[in-house]
Amino acid sequence: MLIQSTLTDIAGNLRELAENVEGAKVDSCHDVRIAFGQIRNGYPAQALITLKEWSSPAARYIYQFSVEDDAPEDLYLAFAEAKDARKNDRAYCRLNPVSRLLYVGSSASLDARIKQHLGFGHRGTYAMQLCHWLPDREGELFIRAWRFSNQTNGAVVQAIEDGLWASSKPMFGRQGAR
């Protein structure tokens, strides 16, 4: 039953979550750039080696994919076409308005999640599936990841991801836990 005391409890829980978000500490940040051609030609293991070495199974991550060029409309149209056609029988994420920020997410398994977004994971996994639709043009994908201690509560990491998502409005994906 939804009564005033329930609403008061919910508000208290949200205030506590906000305090925990404010007190959260980013252990480290790491950036990687990958040429579009490397993604189209197969899994770019060499380009991701520093990210793999930096990451740890004993941590939680928030990550974002972006492009720095002035033509994200090309990416939008290529993705929309692939998603509509269910190209290569892949599970494409949600399409939002055009943006240079492509995706914001979180994961305890950063390497596996990056691989899925690049399109080299299981076909049924909700992800960008980049290698299956990336247009044949020059460009560079920019990946930034923030590492949090595995002691950081999952609800705190989710709240930070949701806040980053809401403020940056990425072109792909959705806000909130799956």
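The values are calculated or read from the model by the stated rules, or taken from the named source; none is laboratory data. Predicted model only: the values in this text are computed from it and were never measured. Please note: Cβ atoms are built from the backbone with ideal geometry, for glycine as well, and neighbour counts cover all protein chains shown. Accessible surface areas use protein heavy atoms only, side chains included; no ligands, DNA or RNA. Shrake-Rupley method; radii C 1.70, N 1.55, O 1.52, S 1.80 Å.
Neighbours of Glu16 by Cβ distance under 13 Å: Lys/Arg scored +1, Asp/Glu scored -1, total -2. Seen from a random direction on average, the alpha-carbon convex hull of the stretch 20-108 projects onto 7.8 square nanometres. Per the Debye calculation on the chain with a single equal scatterer at every Cα and no solvent contribution, log₁₀ I(q)/I(0) for q = 0.08, 0.09, 0.18, 0.20 Å⁻¹ amounts to -0.28, -0.35, -1.17, -1.39. Which residue fluctuates most in the GNM of the chain (Cα springs below 10 Å): Gly12, Gly124, Gly42? Comparing Gly12, Gly124, Gly42 in a Gaussian network model of the chain, the most mobile one is Gly12. For Lys52, the lysines whose Cα falls under 23 Å of its own Cα, not counting residues fewer than eight places away in the same chain, are Lys25, Lys115.
With charges only on Cβ, +1 for K and R and -1 for D and E, what is the dipole size of the chain about its Cα centre, in debye, rounded to 20?
Details: 21 positive and 21 negative charges, 110 e Å.
So the magnitude is around 540 debye.
Over the stretch 1-126, accessible surface divided per residue gives 58 Å², non-protein components excluded, 1.4 Å probe. Charge tally around Pro44: other residues with Cβ under 13 Å, Lys/Arg +1 each, Asp/Glu -1 each, net +2.
Dividing the Cα radius of gyration of the stretch 1-49 by its Kirkwood radius returns 1.44 for Rg/Rh. A 1.4 Å probe, protein heavy atoms only, puts the accessible area of Lys169 near 130 Å². A straight line joining the Cα centroids of the stretch 88-163 and the stretch 1-17 runs 32 Å.
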